[in-house]
Amino acid sequence: MRKVAGAGVRAAPGEVSWSELIRLCKVLNDTPADKLEEALGPLLDMDGALKFLAVENVLINNDGYGIRTSDYSIYEDTQGRFHIIPHNFNETFLRPEAGGGPGGPGGRGGFGPGMMLARPRFAQADKNDDPRDGPVGARGSGGPGFNGGPAVKGVELDPLVAANDSNKPLLSKLLAAPALRARYLDYVPQIAEKWLDWNKVGPVTQQCHSLTAEDVKTDTRKLYSAEAFLKSITDDTQAEGRFGGGRQTISLKNFVEQRRTFLLNQAEVKKSGT
């Protein structure tokens with residue numbers, strides 16, 4: 001057991017962790033951008049958090065923090081420092097979808113005890129809307145965790161999407177600090193350059209695909225057809241089955257190549273100097 005800071009009494013580990021999570025959320029929410037790195041550094045693995053946000057954006061995790069504030073965990077180590085841990089990456093490598101589930105830990109907005117609850121937004125979208133401000137109007141009624149989503153053409157998800165969205169403070173608060181924003185914008189091209197390379201991804205994909213192809217053919221409870229699975233590496237397909245709804249699903253090869261090209265040509269990414 002550890003002592004709750006300033007309480008003078010001992011408490012159960014769960015109570016300590018809950019108190020410290022509340023403290024983390026308050027520091028993140030209330031600290032000015034120019035003082036955030038110093039104040040938050042002892043409480044949060046910020047470099048890990050920035051990498052988490054960058055990977056989610058580059059690979060377009062449709063069920064992750066940057067789009068739906070969902071599918072991640074928060075872990076406190078023995079030194080009292082929190083780490084963001086992703087999980088359930090089954091909705092990556094896809095064009096962003098409008099819509100979303102109930103959100104991640106802490107409620108519809110995720111990340112912490114109520115601090116990040118999404119507020120419905122019903123403003124009408126117009127030509128002046130900035131996707132970095134989060135979902136509005138035609139992008140879907142409501143904020144993250146309702147059924148909103150950023151308006152995106154193909155795989156052209158802005159690396160700074162929702163950077164001004166107060167419903168995603170882990171993202172918007174960190175990126176409001178110039179030094180942290182610069183580090184994030186360094187990670188984006190690093191990931192795109194090194195890992196969105198079909199010469200690297202293709203052979204690994206084909207190997208994994210070959211390991212499961214026969215099992216997919218004989219599976220009687222699969223969500224999509226075996227033909228769609230066999231074509232999914234290199235050919236765009238029309239989604240079908242239980243969750244398809246007639247959507248066109250981009251192939252992994254096309255996603256990797258198109259997303260890489262888009263990211264490495266973004267002005268803010270180029271300006272990062274990486």
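Only the coordinates and a few stated rules stand behind these numbers; no lab work does. Only a predicted model underlies this, so the values are computations on that prediction, with no experimental measurement involved. For neighbour counting, all protein chains shown are included, and Cβ atoms are generated from backbone atoms with ideal geometry for every residue, glycine included.
So the values come out like this:
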{"quantity": "At R0 = 41 Å, FRET efficiency that the Cβ-Cβ distance of His87 and Asp34 yields, to 0.05", "calculated": "0.80"}
{"quantity": "Two-site label geometry, Leu230 and Lys26: point separation in nm, points 7 Å out along Cα→Cβ", "calculated": "6.1 nm"}
{"quantity": "3J(HN,Hα) from dihedral phi, the range 51-62, Karplus parametrisation 6.51/-1.76/1.60, rounded to Hz, x for glycine, proline", "calculated": "5, 4, 5, 5, 4, 4, 6, 4, 8, 6, 7, 5"}
